[in-house]
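To start, the structure itself, in structure tokens.
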């Protein structure tokens, strides 16, 4: 538990979001479910339920623990799972390696397997295939955080682009043939999905792959027995498992598995975090202690607690007075959610816009007032986990408390927030070598690649177009880049 408190003190954990909550708040949902938060290691029970359309077509689907008050660690982003399990000895993550590749291969059958050399090579060694065939492809062309995720998208029906390497386009064609065969083999699944999916053939294949994956995951669960700690999409997490038990779990499925341990020290976690999210400063800590945020939250909820009918008639006029006494606590909660996005630098307000990934160096009190109002509303409404693009995210819901709608109450909170967010904003860097686009992508001429703008890069102007990659064969793009590089040197 001490490890989680340390992670919550990192500035990046206040900045990053899972839906409507910060990463620090998302971690707190796990802590709140532990019986005794003073223990070094906390534990709780969670109920896993299938989500999605699988059950409607009589297939097995992925399981999530997202019930109110019983949210499992796998409902949180990978970085938070590593944070929650940091420092706990004997915890091992067992994943089926390249499960989607093996699932599609097994579903293809002998005839189409013989006609799928790229899928066969990918199944043999995914990392080697990516290194051999995607090295000429600009990373910005992938449209995803990595080539691994791009390959996963192709397996799940992403249409090929002319600029992709030939091997990747061939892989897309092989996957398309397999999908067409599966659609003919399972017409009832396709027909059922036709009512709710734009491309029922692609969706049917994804559900069939998921079904096979889950059947193997259930075999791993049975083999793990009491050592089971958590269920994940393509594997499980076990605690205090002997080498013999780990070997038994691996032998329970026909696909290769990989074993991963969790960081045991702060330095190991920081190294993992910096590699996974390199656009954040992982050495920076928040100026607002998390224990102070929790105390402030408790005070705010007391002020906002519903009154009985008798109290409502006699003491309604006292509510605003109670709010005024607690406005510093409300400001503490809001400031913890705005830290990193709002900086008061030598008296000047500077805001980071998450949508355009640009800094506004000439912010106003009216803009700050709007941000404070929005955060007050979101912080003190109900929360539930919804699914967006098959991933769980936290969403605020319900009515806004009347006290938080009154602008005369928000004004003193805004003043306190402003005093809590003093710091140093990054300097504007409209460098000649960088061309920022309006969709949050910047092209770096010196490095010859495009990447997402982050807080360390602070363009104050952007061109009025979205960035789109060059629609030419990757080898041609590489040749052109080499020629330009020679000219510049």
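Considering the conditions (1) surrounded by 21 or more Cβ atoms within 10 Å (Cβ to Cβ); (2) closer than 24 Å to residue 255 by Cβ; (3) modelled with pLDDT under 95, residue 137 is excluded by exactly one of them, (2).
Within the stretch 222-243, being exposed (fewer than 13 other Cβ atoms within 10 Å of the Cβ) and under 22 Å from residue 51 (Cβ atoms) holds for one residue alone: 222.
For residue 400, are the conditions met, namely being closer than 23 Å to residue 296 by Cβ, modelled with pLDDT of 90 or more and not in a loop (DSSP other than H, G, I, E, B)? When the stated conditions are applied, residue 400 does not pass them. Here residue 81 fulfils each of the conditions (1) in contact (Cβ under 8 Å) with a residue 60 or more places away in the chain; (2) closer than 15 Å to residue 4 by Cα; (3) not in a loop (DSSP other than H, G, I, E, B) apart from (1).
Here residue 168 fulfils each of the conditions (1) crowded, with 16+ Cβ neighbours inside 10 Å; (2) touching a residue at least 60 places away in the same chain (Cβ under 8 Å) apart from (2). Scanning the stretch 359-393 for residues that are within 21 Å of residue 296 (Cα to Cα) and within 25 Å of the chain's Cα centre (by Cα) yields 371, 372, 374, 375, 376, 377, 378, 379, 380, 381, 382, 383. Checked against the criterion of being under 25 Å from residue 96 (Cα atoms) and either surrounded by 22 or more Cβ atoms within 10 Å (Cβ to Cβ) or touching a strand residue (DSSP E or B) at 6+ places or on another chain (Cβ under 6 Å) (or both), the candidates 218, 213 yield just one match: 213. Number of residues in the stretch 357-366 that are assigned to a loop (DSSP other than H, G, I, E, B) and surrounded by 12 or more Cβ atoms within 10 Å (Cβ to Cβ) equals 3.
Restricting attention to the stretch 54-76, the residues that are surrounded by fewer than 19 Cβ atoms within 10 Å (Cβ to Cβ) and farther than 30 Å from residue 124 by Cβ total 7. Check whether at least one residue in the stretch 449-456 is assigned to a loop (DSSP other than H, G, I, E, B), in contact with a strand residue (DSSP E or B) (Cβ under 7 Å, 6 or more places away or on another chain), at pLDDT below 75 and outside the structural domain of residue 362 (by TED's automatic domain parsing), and report yes or no. Checked the stretch 449-456: at least one residue is assigned to a loop (DSSP other than H, G, I, E, B), in contact with a strand residue (DSSP E or B) (Cβ under 7 Å, 6 or more places away or on another chain), at pLDDT below 75 and outside the structural domain of residue 362 (by TED's automatic domain parsing). Among the criteria (1) farther than 30 Å from residue 270 by Cβ; (2) within 21 Å of the chain's Cα centre (by Cα), the one residue 121 does not fulfil is (2). For residue 218, the requirement of being touching a helix residue (DSSP H, G or I) at 6+ places or on another chain (Cβ under 6 Å) and either under 22 Å from residue 94 (Cα atoms) or not assigned by TED's automatic domain parsing to the domain that holds residue 73 (or both) is not met. Going by what's in this entry, would residue 267 be described as outside any loop (DSSP other than H, G, I, E, B), over 28 Å from the mean Cα position of the chain (by Cα), at negative phi and without any contact (Cβ under 8 Å) to a residue 60 or more places away in the chain? So residue 267 fails the test. Applying the selection to the stretch 108-125, what residues are part of a helix (DSSP H, G or I) and touching a helix residue (DSSP H, G or I) at 6+ places or on another chain (Cβ under 6 Å)? Those that are part of a helix (DSSP H, G or I) and touching a helix residue (DSSP H, G or I) at 6+ places or on another chain (Cβ under 6 Å): 108, 112, 118, 119, 121, 122, 123.
Of everything listed in (1) assigned to a helix (DSSP H, G or I); (2) touching a helix residue (DSSP H, G or I) at 6+ places or on another chain (Cβ under 8 Å); (3) free of Cβ contacts under 8 Å to residues at least 60 places away in the same chain, the single unmet condition for residue 205 is (3).
Of all residues in the stretch 231-245, those that are without any contact (Cβ under 8 Å) to a residue 60 or more places away in the chain have Cβ atoms under 8 Å from Cβ atoms of residues that are surrounded by 16 or more Cβ atoms within 10 Å (Cβ to Cβ) and assigned to a strand (DSSP E or B), 6 or more apart or on another chain, in 245/238. Of all residues assigned to the stretch 140-150, none qualifies as being assigned to a loop (DSSP other than H, G, I, E, B) and either surrounded by 19 or more Cβ atoms within 10 Å (Cβ to Cβ) or at pLDDT 90 or above (or both). Only residues that are outside any strand (DSSP E or B) and either modelled with pLDDT of 95 or more or surrounded by 12 or more Cβ atoms within 10 Å (Cβ to Cβ) (or both) were counted in the stretch 367-389, giving 15.
Can you find a residue that is assigned to a loop (DSSP other than H, G, I, E, B) and in contact (Cβ under 8 Å) with a residue 12 or more places away in the chain anywhere in the stretch 22-29? No, the stretch 22-29 contains no residue that is assigned to a loop (DSSP other than H, G, I, E, B) and in contact (Cβ under 8 Å) with a residue 12 or more places away in the chain. Residues of the stretch 29-41 that are crowded, with 16+ Cβ neighbours inside 10 Å and either touching a helix residue (DSSP H, G or I) at 6+ places or on another chain (Cβ under 7 Å) or not assigned by TED's automatic domain parsing to the domain that holds residue 77 (or both): 30, 31.
The values are calculated or read from the model by the stated rules, or taken from the named source; none is laboratory data. Note that this is a predicted model, so its numbers are computed, not measured. With ideal geometry, Cβ positions are generated from the backbone for all residues, glycine too; neighbour counts draw on all protein chains shown.
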